[in-house]
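Okay, structure first, notes after.
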Amino acid sequence: MKLSTTLPAVFVLLVSLSFGNDKSSDYSKYWHQWRGPDGTGVAPHGDPPVEWDASKNIRWTVEIPGEGHATPIVWDDKIFVLTAVDTGKTVEAPKEEPTGGRRRRRPPAKPTNQYKFVIMAIERMSGKILWEKTACEALPHEGKHRDSSWASNSPITDGERLYAYFGSRGLYCYNMQGKLLWKNDFGDMTVARSFGEGNSPAIHGDTIVVVWDHEGDSFIVALDKRTGKKRWRKDRDESTSWSTPLIIEHDGKPQVITSATNRVRSYDLAIGTVIWECGGLTRNVIPSPVYRDGTVYVMSGFRGSALLAIRLDMAKKDITDSENAIAWKYNKNTPYVPSPLLYGDELYFFQVNNAALSCLDVESGKANYSREALEGVRGIYASPVGAKGRVYLAGRNGVVKVIKQGPEYEVLASNALDDSFNASPAIVGNELYLRGIKTLYCIAEE
C-alpha cells in the first residue's frame, strides 16, 4: 500500500469523528449500493477533487488481489470490495464436444483453476485492510467474456449487515465485523454465450431482492434480509440479462423495477405481483433503471437503441403501446454496458461502450447534446457518477474526464493514471474511489 501523504493525528481524529457511529437509515451520506444513495449515480453530499494524477490528490492506494469489476461500496469508516483470487489449484479441463456441420463461434473456454471468492473491508481513512473473508472456494462452471471477471456483482449494505453476492457462488450476509450470518445458494446460471455474470441485489426495508435471468429457468426472489429466508419467488419469461433491479416507492408502495429483453416489469415488493409491464428494449439488457419524481427511465443498447421514460401514475398492467404511461422514447446512442446517470434535469449516457456522451432533458426527452466525443478517453464500461455540479467519466485507458453538469458540454479536467477502469466509481464526502485492475485509489484533496 502506498500513502501519498502523512496524516497527522489531529486530522485522523477529526475524520474519525466526522464518520460517526450512526447506523440509521440516512443512506444519503454513503455509497451503500451499486449506483449510490438513491440509485441514480449521484452523491448528493459529495465534493471530490476535480484534478489529480499519480503525484497529486491521491490520499492512498491499496492493492486488491485477484480480479473483480464490482464497484466498491462505502458505509461509515469502511469500504467493501469483492474479488476473485486464483488459487492455482487446477482441475482437468473438460473435453469440448464436436459441434459438427457448419463452424460456429465457440463460447469462452471453461476455467480449469479454482478461485477464492473474497470480501475485503478497508479502512476509509487510511486504506488499511481491516478484515478479509473467503465466502467460498470453487471452480466456475462456465467461462466468461475476456473483459469480464468472476467478481463483477457489487455488494450492498444497510449499515448493519453486508451482503456479498457472487451470482452462481451464492449470496452471503455478514455483520460489519466480518462474521457470516447466513448464506443462500440459487444454483448455477447458464449465461448467454458464457459471457459471465454481473448484476447486483437490491435492498429496501427488511427485504433483499435478487433477479436471476439466464438461459435456464429465470426468476426473481425476495428474501428476509435478516435470515435469508424466502418471502416470495416469481418465474420470469426472460433470457440472460445483467441489469440490477431498482426498488422505489410510489404512492407509498415499494415496487421493484426490472429491465430485461422481453419485458420491463414492476413487481409489488410485498407480494411479488406484477403491477405493470412493457416491451421495447433490445437484447442483452445491462443498464440499470433510474428514477426521479414519478418517472422511471429504462434503456439498452445492444444491436439497437432504446430508451423509455415511464410515468408511474399512468402505469397499470401492459403499457407497451400506452401514450399516457410512456412519456417519451429515444432511439439513438444508448449504452450497452454502462448505466445512465440521472443528475438534476439531465440524463447522461454513453453510446454502446464508446467514449461518446449524450445528455437529454428528462422532461422532454430532447437532446441537449449527443455523441459528444470524450477526447483522450478510449472505451467505456464504468458508469458515470455525479457530485457538486460535476460529472465524472472513467475510461478503460485510465483517463477520467470531469465535465460540468448542465445542458452544455464543458470540460473541467482530464485526469490520467496508469491503470484501466472497468468498475464504476464511488463518491463519499470529499473522496472519489476508483477501482483499477489491481489497485483501489482514494482520490481526495491533499
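No other residue among ALA382, ALA356, ALA394 is surrounded by fewer than 23 Cβ atoms within 10 Å (Cβ to Cβ), modelled with pLDDT of 95 or more and either of a type outside the set (Val, Ile, Thr) or over 28 Å from ALA260 (Cβ atoms) (or both) apart from ALA356. Taking the conditions exactly as written (closer than 24 Å to SER420 by Cβ, β-branched (Val, Ile, Thr), out of contact with any helix residue (DSSP H, G or I) (no Cβ under 6 Å at 6 or more places or on another chain) and at pLDDT 95 or above), does THR134 satisfy them or not? It is false that THR134 is closer than 24 Å to SER420 by Cβ, β-branched (Val, Ile, Thr), out of contact with any helix residue (DSSP H, G or I) (no Cβ under 6 Å at 6 or more places or on another chain) and at pLDDT 95 or above. Could you list all residues from region 154-169 that are touching a Leu at 6+ places or on another chain (Cβ under 7 Å) and among the basic types (Lys, Arg)? Passing the criteria: only ARG161. Taking the listed residues GLU346, GLU363, the one that is surrounded by fewer than 21 Cβ atoms within 10 Å (Cβ to Cβ), out of contact with any Lys or Arg (no Cβ under 9 Å at 6 or more places or on another chain) and touching a residue at least 60 places away in the same chain (Cβ under 8 Å) is GLU346, with no other qualifying.
Let's see how each residue does on (1) among the acidic types (Asp, Glu); (2) more than 27 Å from GLY294 (Cα to Cα):
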| position | (1), (2) |
| --- | --- |
| HIS214 | no, yes |
| SER218 | no, yes |
| ARG226 | no, yes |
| LYS230 | no, yes |
| LYS234 | no, no |
| GLU238 | yes, no |
| SER243 | no, no |
| HIS250 | no, no |
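Whenever a residue of region 24-43 is among the charged types (D, E, K, R), its partners that are buried (at least 23 other Cβ atoms within 10 Å of the Cβ) and modelled with pLDDT of 95 or more, lying with C-beta atoms within less than 8 angstrom and at least six residues away or across chains, give the pairs LYS29/VAL428; ARG35/GLY41; ARG35/THR244; ARG35/SER288; ARG35/VAL290; ARG35/SER339; ARG35/SER383; ARG35/SER424.
How many residues are aromatic (Phe, Trp, Tyr) and in contact with a Lys or Arg (Cβ under 6 Å, 6 or more places away or on another chain) when one looks only at region 400-446? Before you say what the answer is, go through the steps one by one.
Residues of region 400-446 that are aromatic (Phe, Trp, Tyr), as a first pass: 409, 421, 433, 441.
From what is left, the residues that are in contact with a Lys or Arg (Cβ under 6 Å, 6 or more places away or on another chain) are none.
The qualifying residues number 0.
Inspect region 331-338 for any residue being touching a residue at least 12 places away in the same chain (Cβ under 8 Å), surrounded by fewer than 19 Cβ atoms within 10 Å (Cβ to Cβ) and part of a loop (DSSP other than H, G, I, E, B) and give the result as yes or no. Within region 331-338, one or more residues are touching a residue at least 12 places away in the same chain (Cβ under 8 Å), surrounded by fewer than 19 Cβ atoms within 10 Å (Cβ to Cβ) and part of a loop (DSSP other than H, G, I, E, B).
Taking the criterion of being out of contact with any Phe, Trp or Tyr (no Cβ under 7 Å at 6 or more places or on another chain), surrounded by fewer than 23 Cβ atoms within 10 Å (Cβ to Cβ) and part of a strand (DSSP E or B), the residues of region 31-58 that qualify are ASP53, LYS56.
The values are calculated or read from the model by the stated rules, or taken from the named source; none is laboratory data. The model shown is predicted, which means the values in this text are computed figures rather than measured ones. Here Cβ is always computed from backbone atoms with ideal geometry, including for glycine, and neighbour counts include all displayed protein chains.
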